[in-house]
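The values are calculated or read from the model by the stated rules, or taken from the named source; none is laboratory data. All figures in this text were calculated on a predicted structure; none of them were measured in a lab. Cβ atoms come from the backbone with ideal geometry, glycine included; neighbour counts cover every protein chain shown. Note: accessible area is taken over every heavy atom of the protein model, side chains too, but ligands, DNA and RNA are not part of it. Shrake-Rupley method; radii C 1.70, N 1.55, O 1.52, S 1.80 Å.
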Amino acid sequence: MSGIILLVMATMIAGTLLAGTIVAGAVESSDFDDPTVCKGCHGEIYNQWDGSMHSIAYTDPVYLAEEEMASRETDGLTDTYCARCHTPIGVLSGEVPPIGLENLSEISKKGIQCDFCHSVNKSTGIGNGAFMVSTDGIKRGPHDDSKAPYHGSMFSELHTKSEFCGMCHDVNHPVTGIAIEETYTEWKEGPYNSTTQCQDCHMTPGVTHFEANPGKASGIGPYRDHVYSHYFVGGNAAVTGVIGSEVHQRMAEERLKSAATLALDAEMKDNEAEITVEVTNVGAGHKLPTGLTEAREAWMEILAEDATGKEIYHSGGLDSVGEVDPDAVMYHVVLGDASGDPTMKVWEAESILFDNRILPKETRVERYNFAIPGGLKGPITVDAKLNYRSASQKFLDELFEDGAVVAPVIEMASAQGMMEVEKESGVPGFECIFVLISLLAVAYLVRRRKK
Ligand code: HEC
Ligand code: HEC
Ligand code: HEC
Ligand code: HEC
Ligand code: HEC
């Protein structure tokens, strides 16, 4: 990266940080309560949060590896910029920089936690960590009638809206302005913006819509028609399985499976298969996939086999080093660096070279044509799958030893079709003519005998 860009970046990042009320170091991490304190009265909510991607946002090994690489390649310029969203208390208290876990208090290690979110008292806008916090001890939340023995309570409209999540779920490059992640903007520009908040799908049992969760937010509080849940489940079934929890991993798989549907039509014409697959984003309130989309992969896998299991066509398989077939239909983003070459390093991003992700409620039609060789045993079955994984092998191999870390492939949706094998001769009705001639021949012979 050139010296000028680095200088501009330093100034811009300082500007972004100053947008918050609190200058780094003006609060102590001990001004915030550890989540285990909240657990005493909000046990159920604590258990939902514990093991979520928010609870491990800073100890996440994939994050730590990329933070380290970014820091090395920019001489530390990205340190507070990245950590601001991944350990907001770590940055506000001035414990970061340096990056990494060594200098961090126990509370800052707990990523995005109870007392951070419920101390947010104002937002300065969307993206790049546009939050302000108050250390007055009052917990901001969705109720205007909430009373707690331990803390003051206050209604906060911000907490009930997507704009709360949008403070962090939109990430722009501070110098080039390139949208590195824009989940909030995708939602804002989509069909859910007036009907469904992020909280309705990510903080209720509904997954793709609001669904009430009656109960108590605290054992010593009142019964309510709905209590917001705190699993914050997205598509990450990889890291949740390693340092999160099995519950969160399973819920991520379920969420991915409710996001899309597939419909398949298989036809044969002149010994050529014509396959049409329709994929619809039925459940995600933003593009599919969203978030860290230079790493995430959602792709179509098509496999055609004859009745003996002989493979006739395969698109979207994995090769020996775990990369997806380069000819596969893949929904993702490719970022470009200063020379216009693809890069997965977000700090180098100066353009978006490619983005074919599926819009909320959009149906995309993909077509496949391939020849059917002779001598096969019918019928031919065609299997279509929409696959997802949290990171490409290339992305993981850049951060870790080659092949050391592998993201599991989750099947989001599937559809099947069948085709009959056509007979060797292409002349239609040949069989009928053959039968007719045989019948005539038999009739002739019978008549000759009678004579
Ligand atoms: C001594 C018990 C106790 C402890 C400890 C406690 N709370 Fe509460 N909290 C309550 C009760 C009771 C309510 C009222 C629940 C209701 O109104 O449904 C409540 C309500 C809340 C609300 C809703 C506020 C609103 O106006 O919408 C939030 C947010 C909250 N607590 C966050 C926290 C956080 C964060 C912690 C840890 C720093 C914490 N609580 C610790 C008992 C406690
Ligand atoms: C990412 C930010 C975030 C984190 C982390 C978080 N919360 Fe919340 N919490 C919210 C939001 C937002 C709401 C309100 C949702 C709405 O009204 O749409 C909420 C609601 C609540 C409520 C009121 C629930 C209800 O519906 O009556 C309580 C109590 C609460 N949180 C406690 C906690 C505790 C305890 C923790 C940690 C174990 C925690 N929160 C972690 C954002 C967060
Ligand atoms: C302080 C910044 C911040 C706020 C506010 C915030 N998030 Fe997050 N969120 C993050 C970060 C950072 C991660 C990713 C952690 C990681 O992957 O290591 C994340 C992860 C998630 C995930 C899991 C993604 C996956 O791949 O599985 C979901 C879902 C999510 N957030 C939803 C929400 C919702 C809904 C809200 C608003 C109620 C919200 N977040 C508010 C920073 C934030
Ligand atoms: C209509 C329901 C719905 C709404 C509204 C919604 N989401 Fe999602 N979200 C989903 C589903 C389903 C998935 C899983 C499919 C996917 O990964 O895109 C998901 C995935 C995610 C992920 C993980 C993406 C990945 O693959 O790494 C994040 C982060 C996220 N949502 C954040 C948000 C935020 C922030 C908002 C509000 C701006 C929001 N969501 C609004 C349903 C919704
Ligand atoms: C504005 C807030 C924000 C900033 C700044 C930010 N991130 Fe994130 N980061 C997020 C959110 C939100 C997610 C979750 C999106 C998703 O799940 O796809 C995330 C996810 C990630 C992940 C995925 C982790 C996993 O396990 O899949 C990595 C890696 C990451 N960020 C690295 C970085 C680095 C490196 C920087 C600095 C160059 C950075 N982030 C800056 C908000 C931010």
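If you check Glu254 against the conditions, is it under 29 Å from Ala404 (Cβ atoms), surrounded by fewer than 17 Cβ atoms within 10 Å (Cβ to Cβ), under 20 Å from the mean Cα position of the chain (by Cα) and of a type outside the set (A, V, I, L, M)?
Values: under 29 Å from Ala404 (Cβ atoms): yes; surrounded by fewer than 17 Cβ atoms within 10 Å (Cβ to Cβ): yes; under 20 Å from the mean Cα position of the chain (by Cα): yes; of a type outside the set (A, V, I, L, M): yes.
So Glu254 fits the description; yes.
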TODO: Under 8 Å between Cβ atoms, at least 6 apart or on separate chains: pull out the pairs that start in region 403-423 with a residue that is free of Cβ contacts under 8 Å to residues at least 24 places away in the same chain and end on any residue that is open to solvent by 70 Å² or more (accessible area, probe 1.4 Å).
DONE: Lys423/Phe430; Lys423/Glu431
Task: Where Arg389 falls short, out of the listed (1) modelled with pLDDT under 95; (2) within 18 Å of the chain's Cα centre (by Cα) - done: (1)
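Is it the case that some residue within region 52-62 is of a type in the set (A, V, I, L, M, F, W, C), assigned by TED's automatic domain parsing to the domain that holds Pro222, more than 16 Å from ligand 2 (Cβ to nearest atom) and assigned to a helix (DSSP H, G or I)?
If we filter region 52-62 for residues that are of a type in the set (A, V, I, L, M, F, W, C), which is where we start, we get 53, 56-57, 62.
Imposing the further condition that a residue be assigned by TED's automatic domain parsing to the domain that holds Pro222 reduces the set to 53, 56-57, 62.
Subsequent filtering for residues that are more than 16 Å from ligand 2 (Cβ to nearest atom) retains 62.
Adding the requirement that they be assigned to a helix (DSSP H, G or I) leaves 62.
For region 52-62, residues of a type in the set (A, V, I, L, M, F, W, C), assigned by TED's automatic domain parsing to the domain that holds Pro222, more than 16 Å from ligand 2 (Cβ to nearest atom) and assigned to a helix (DSSP H, G or I): present.
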Task: Candidates Thr240, Thr208, Thr160, Thr185 - the one that is modelled with pLDDT of 95 or more, open to solvent by less than 50 Å² (accessible area, probe 1.4 Å) and within 15 Å of ligand 2 (Cβ to nearest atom) - done: Thr160
Open item on the list: Every residue in region 200-211 that is free of Cβ contacts under 8 Å to residues at least 40 places away in the same chain and in contact with a helix residue (DSSP H, G or I) (Cβ under 7 Å, 6 or more places away or on another chain), please.
Closed with: Gly206, His209, Phe210
Task: Scope region 392-405; condition buried (at least 22 other Cβ atoms within 10 Å of the Cβ) and either in a loop (DSSP other than H, G, I, E, B) or small (Gly, Ala, Ser) (or both); matching residues - done: none
TODO: Give, as residue ranges, the strands (runs of 3 or more DSSP E) completely inside region 292-353 that count at least 2 residues that are open to solvent by less than 40 Å² (accessible area, probe 1.4 Å) and small (Gly, Ala, Ser).
DONE: 297-305
Open item on the list: Can you say whether Thr261 is within 13 Å of ligand 4 (Cβ to nearest atom) and modelled with pLDDT under 95, as far as the supplied structure shows?
Closed with: no
Open item on the list: Being in contact with an Asp or Glu (Cβ under 6 Å, 6 or more places away or on another chain), over 30 Å from Asn271 (Cα atoms) and open to solvent by 10 Å² or more (accessible area, probe 1.4 Å) is the filter here; which residues of region 357-391 pass it?
Closed with: none
